Every structure is written in structure tokens, then in C-alpha cells.
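Here the structure comes first, spelled out in C-alpha cells, and everything after it is commentary.
The values are calculated or read from the model by the stated rules, or taken from the named source; none is laboratory data. Nothing here was measured: the structure is a model prediction, and the numbers come from that model. No Cβ is skipped: glycine too gets one built from the backbone with ideal geometry, and neighbour counts run over all protein chains shown. These accessible areas exclude ligands, DNA and RNA; they are computed on the full protein's heavy atoms, side chains included. Shrake-Rupley method; radii C 1.70, N 1.55, O 1.52, S 1.80 Å.
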Amino acid sequence: MHRLFAIPELVDLVVESLADPPSCSERKFLSTNASYLDRYAYEDVKAVGQTARLFREATLDVIWKTQSSLTPLLRSIADVKVETGARGKQFRKYELRKYLCREDVPVLLRYSSRIHTLDMKWPWPATNGGLYIDQHFNNSLSHGPLFPRLRTLVTSELQAADPNSGEQFNFVMNNVGMMLERLDIYHLKAHLMVLQYVVRKAPRLTSLLLDLRVGTHVPHDELTKALNQLLGTQNRLESLHLLTDFDVGSQLWQIAAEHPSLTTIRLNGTGTLASLRATLPKLTFHVLTKLTLEVASAEFLSSIKLLSRSTFPSLQSLTLGLSNRLESCPPLTPDEATALFTAIASSNLTRTLEDLNIDSGFDDLPPDYPVRSDALRRLRPFPIRYLTLNIGWPFNLNDELACEMAEAWPELEVLRLRSTFRDFDPWIDVAPHQFPAPVRVTLRGLEVLAQCCPTLSTLDIPFDGAWHTPQHIPTRSQPAIRSEQGQNTLITKMGVGQSLVDSPDEVAAFFNRVFPKLGEVNVLVAQDWEEVRKRLDSS
């Protein structure tokens, strides 16, 4: 063996290059021996480990670094069996049939001490039976926890597919070391116990997700108090994601505003902003860069109040949506919609906002109910790169507004006015969005967006292909053409909603000239668009 392989760091790099963790959707190809390694990567790593003794520790580190179940660990010390189902098929499900005792600790530590990530939200393979722990087992761990190097823990206290998940949850939580940096807990029952644990034993947390929506006998005010205490003591926390079905209170927002390192807040649930209907003090979130509020439809206006009473000097991304994607927000009046965009503009006076996503669902509106485009013009000073408006109150769109957007946002990458919502979100089965207001964006408006926004890669906007296409758009100033040859070669798929087509030949020729890579057009009304599609396919 070459002397280079006497360098441990080099050996680690060689073995780690063989491991390519698959995504969750590819877990059906996982090896039964080691989670998060597909069978091909597992066989490669295993083969290298068998070539020479110097590779053994490095291969064990790679195999055990990321796990999605406790089953591989428990199989190292427990007597397990594979269950047999109908027609002789074997299930990857194991039964634990012994007590964990003092003699098991060295064996467990040989493998558990190598685990950095334990993702048990969807444990596979699962383990039947209970975790039977001998009374002397915990005394044997007085020198340290079973998972001393664990940095990421994703778990669920209740798991319908695994009736033993509660006991495994407690087992892991009681044996996590002080190195934990990310903790995601779904379907909590013992809320206060877990919150108190985090405060006491995880001082290095940078990311925390808590799902507190499962019914509990603990009063909501005690939970809110525990949340406030947790947030006040976790000085390293950078990301907080709460899923709740109760009011988190205004004090939580005050603590979050003063937090020294909290850059990301995501709040999802019903009744979460109820207290904001009362007086809310003026808040300044100095370090917050990403804010996501997904609330019940009846609370959508409360998010406007939070924005109007807050300042976000570092905010880069803002998402306002509904916790239930099948709901629709009561239609905002034009004045309320204007108030929303005014609140957004006033909350970020430093003009750092790049990503704006507003999702209020859909409601049928009368044709004379458009939101004035002046509301959207309040966003012009911002360096917008991603803009998604999935709203039930349409703007009175026209070429002048499209030209102003192209001039104000030359680095625009995504523009979705959700004219074909169902096509862009196939997993959400809701009524498609329709623009009842007359749309006066013509092919010329689309051409300006293509020519002046060279990085534009996603476009979903209704237009009127039957309306007269002007040679020039009357605006105060013409935006500079930044794309080569006046074309956009990034867009391959476009949504056009209920856009009208007068001449399929003219529209197809326009798309071939301005969007030469365009191969798919999503529409809500197929009339005349089939001819456009045929001409695109034949070009």
C-alpha cells in the first residue's frame, strides 16, 4: 500500500467520495444495512473497507454518518427477526427482543458515536417491539451520551407507521450530546418536557423546528411562556420554524426582534397571530433576512399589521401565505391591498428585499374589482429578483406596468402572477386563477421583459394576444436592452392563463423569435392555443 494512504485525511476523502446520499424520494433503493446510502454506494464503500485494514474506520464513519432509523444500531446488539407477510414476502421491519444492558454500551458506542445526522421523521427500516432498558444501562452512560457527535436530529414523537416511535424518541432525546446544532421535532405530545430539554441541553442550536399542533392538556399560556424562555436563551439560534394551533403572543415577536443571530423565522398555523389585533409595539428586527408567515385565512390582515408595526433593515425574502393551501383568503379591497404593499415597502426602508411571495388563495371577483397597479409600483425601488403573486385580487395589468417592472428589476429571475396556478403546482388541487379584469399586456410587453431582464427564467403572466401590439410603449424612460440579440434563451416553459389569441401564426412566430428555447405553454383555455403549440413543436 502506498505511503500516501498513511495520511488519515486522504483516506477519509477517498471513502467519502464514494458516498452520494440519495434524496428522500429515492429511499426505495436504500440498502437494508445502512440508511441514506443507496445499495450501489453501500457496496462500493463496503468493498473499499474490505481491501485493507487502514480503510476500516473511514468506511465505518461514512456508513454510519447519516441514519434514518435506529434499526441498524439496535441490530448490532439485539436479537432481531425479519417479519414475513402475505405470499412469503419479507418486510423490512425488525423486532427487538432483548433488554438494553450495561454490556451493550461499548458495542453501541462503536457505531452511535459516528452518527452526525439522524433523520427519523420517516424511519426506515422500522423496529417493532419496545425499547427495553435495564436499570443499570443509564448508569453505564455516566461518562457521556450515546450520540456525542450528533449535530442534526429530525424526529417525530408520534409515528403512525411505527408504534414504538415514542419510546425511540425518548431514548434518543435522553442520549444526545451537547454538539446538537439542528433539531426538528414533529408531532409533539410532551411539549413542555421537550422545550425544557432544549433550553437545558442544546446550547449550540442554530436551527429549530417545533410542531406543536398535536392536542395537549398543557395550557397555551404555559407553552407560550416556555417558547419565550427557549428563544431568550438560545443565543446561537439562526432559524426558527414553529407549527402551532394557538396564539404565540406578541412577546415572542419582541424577543425575536432583539435576538442577536436569528435570521430566519417561519410561522405556520391557525390562531397564531390573534394577539396582534391588539396594540403591538414598534419592533426592529436588525438581523432577520427571511420571514415566512403562513396563517389562517381570517388572520391574513394580521400579517399586514405586523409588517406595518415592524422594521426589517436586512430582510431579503418575505412570504405571506395560508396555512391551509385549500383555503381562500377573503378578498381584500383595493385599499387593503394597497395597504399591504405600503406596509411591505415601509418595513424595509433599506431596500434589501429580493424575494417576495404572496399567496392568498382565490376567490371569484366581479370584473370591476381590480387592484390598482399603483400598489405594485411601490415595489419598484427594491432589487426584486423573485416575485410570485398568487392572489385573488388581480392587478389592472398593461404594457406600461410590464415596462416599468423590466426597468426597475433588471436582475429579475422569476415573475409569476399565477395565471396558471394549477400547472405550476400540480400537487395542489384548487380552482385555477382567473383575471376578471381586462388584461392589456401585449406581446410587446412580453418582449420588453425578455430583452431587459436577461436572467429571467420563469414567466407566468396573462396577456392579450388579440389586442393591438404597439411599436413603442409610452413610458417616462425606456429600459435598456440587456439580452443578446433581444432574445431570452432561459425560458423553456411559460404560463399564460386565459390569454387571448387572435392569430396563432403571429403568436407562434413571436415566441420563436423572442423565446427560442420555449417548448411548453400552459393555458387555462385551450382555444386557439393548440395551433400555437403545434407551430412551436414544428419549429
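Some observations on this one:
- Test for residue 450: is it in contact with a helix residue (DSSP H, G or I) (Cβ under 6 Å, 6 or more places away or on another chain), assigned to a helix (DSSP H, G or I) and modelled with pLDDT of 75 or more: yes
- Given (1) outside any loop (DSSP other than H, G, I, E, B); (2) among the acidic types (Asp, Glu); (3) over 19 Å from residue 155 (Cα atoms), index of the condition residue 167 fails: (3)
- Restricting 261, 303 to those that are out of contact with any Ser or Thr (no Cβ under 9 Å at 6 or more places or on another chain) and either aromatic (Phe, Trp, Tyr) or touching a residue at least 12 places away in the same chain (Cβ under 8 Å) (or both) reduces the list to 303.
- The set of residues in the range 329-359 being modelled with pLDDT of 90 or more and among the polar types (S, T, N, Q) consists of 342, 346, 347, 348, 350, 352, 357.
- Of all residues in the range 496-518, those being under 34 Å from the mean Cα position of the chain (by Cα) and at pLDDT 85 or above number 6.
- Residue in the range 244-259 that is of a type in the set (Gly, Ala, Ser), assigned to a helix (DSSP H, G or I) and modelled with pLDDT of 90 or more present: yes
- Some residue of the range 473-482 being modelled with pLDDT of 85 or more and either touching a strand residue (DSSP E or B) at 6+ places or on another chain (Cβ under 9 Å) or within 17 Å of residue 445 (Cα to Cα) (or both): no
- Extreme residue, modelled with the lowest pLDDT, among residues of the range 273-301 that are part of a helix (DSSP H, G or I) and open to solvent by less than 10 Å² (accessible area, probe 1.4 Å): 276
- Subset of the range 233-243 [of a type in the set (Val, Ile, Thr) and assigned to a loop (DSSP other than H, G, I, E, B)]: none
- Whichever residue in the range 33-78 is in a loop (DSSP other than H, G, I, E, B) and more than 28 Å from residue 134 (Cα to Cα) and, among such residues, is modelled with the highest pLDDT: 52
- Verdict on residue 267 being of a type outside the set (Gly, Ala, Ser), over 20 Å from residue 197 (Cα atoms), open to solvent by less than 10 Å² (accessible area, probe 1.4 Å) and not in a helix (DSSP H, G or I): yes
- Selection within the range 97-116 - at pLDDT 85 or above and either in contact with a Lys or Arg (Cβ under 9 Å, 6 or more places away or on another chain) or open to solvent by less than 20 Å² (accessible area, probe 1.4 Å) (or both): 104, 105, 108, 112, 113, 114, 115, 116
- Pair list, Cβ under 9 Å, 6 or more apart: the range 501-524 residue outside any loop (DSSP other than H, G, I, E, B), other residue open to solvent by less than 50 Å² (accessible area, probe 1.4 Å) and of a type in the set (Phe, Trp, Tyr): 501/529; 504/529; 507/529; 521/511; 521/529; 522/424; 523/529
- Among the residues of the range 170-206, those that are part of a loop (DSSP other than H, G, I, E, B) and within 16 Å of residue 148 (Cα to Cα) comprise 174, 175, 177, 178, 179, 180, 181, 202, 203, 204, 205.
- Which listed residue, of 21, 8, is within 29 Å of residue 173 (Cα to Cα) and either open to solvent by less than 20 Å² (accessible area, probe 1.4 Å) or at pLDDT below 85 (or both): 21
- Answer residue from the range 117-133, given it is part of a loop (DSSP other than H, G, I, E, B) and modelled with pLDDT of 75 or more and is nearest to residue 209 (Cα to Cα) among those: 121
- Number of positions in the range 488-500 that are hydroxyl-bearing (Ser, Thr, Tyr) and assigned to a strand (DSSP E or B): 0
- In the range 168-189, residue farthest from residue 135 (Cα to Cα) [restricted to those that are at pLDDT below 80 and surrounded by fewer than 17 Cβ atoms within 10 Å (Cβ to Cβ)]: 189
- Residue match in the range 217-240 (condition: touching an Asp or Glu at 6+ places or on another chain (Cβ under 6 Å) and over 24 Å from residue 175 (Cα atoms)): no
- Qualifying residue in the range 304-317 (condition: assigned to a helix (DSSP H, G or I), open to solvent by less than 10 Å² (accessible area, probe 1.4 Å) and modelled with pLDDT under 95): yes
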